[in-house]
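The values are calculated or read from the model by the stated rules, or taken from the named source; none is laboratory data. Bear in mind the structure is a predicted one, so any value in this text is a computation, not a measurement. Ideal geometry is used to build each Cβ from the backbone, glycine not excepted, and the neighbour counts take in all protein chains shown. These accessible areas exclude ligands, DNA and RNA; they are computed on the full protein's heavy atoms, side chains included. Shrake-Rupley method; radii C 1.70, N 1.55, O 1.52, S 1.80 Å.
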Amino acid sequence: MDPNAVGFLTGNLVLNLSILAWAAAQFIKFFLVLITERRLSWSHILSSGGMPSSHSSTVCACASALACLYGTSSPHFAVSTVLAAVVMYDASNVRRAAGEQARLLNYIMENWSDMQPEVFGKKLKEMLGHTPLQVLMGALLGIIIGWGGAYLFG
């Protein structure tokens, strides 16, 4: 194992690669908004939702790095794969549904004609979850970073 890769940041190669995959996904989101919407949106550097899924890239980098280092029959890989499945399911289903509900509630709040109670004073965050494509692209990014980093530095 390359001591420089392990000693950098956290002292743990798998954790370093997981953090790298998260950061890569966040920066890709930032640049995609810059390219597609022609605007600087610094909030995309740390926000959830969008393309690619940083949740998926993080957990898939962890699982793929563990697979490369310890094999697919190891308990490390099993636990990380179960965690990855739960996180990706949540990102593409539960959190996405919450985002759709927030979008509907924001519409109701914006079109409330009579009286706006104080509870409607704050706009809800709509970009909470991911489409299946966003989850897939995040997963692929994480697998590439996790497997590649573990192969190169492990």
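Some points to look at:
- For the stretch 29-70, the candidate set comprises residues that are farther than 23 Å from THR81 by Cβ and polar (S, T, N, Q); within that set, the residue that is modelled with the highest pLDDT is THR36.
- Of the helices (runs of 4 or more DSSP H) that lie entirely inside the stretch 1-93, those containing 2 or more residues that are open to solvent by 50 Å² or more (accessible area, probe 1.4 Å) and among the aliphatic types (A, V, I, L, M) span 13-37, 75-89.
- Hits in the stretch 65-86 (condition: among the small types (Gly, Ala, Ser) and either touching a His at 6+ places or on another chain (Cβ under 8 Å) or at positive phi (or both)): GLY71
- Any hit, the stretch 114-135, residues being surrounded by 15 or more Cβ atoms within 10 Å (Cβ to Cβ), modelled with pLDDT of 70 or more and assigned to a helix (DSSP H, G or I): yes
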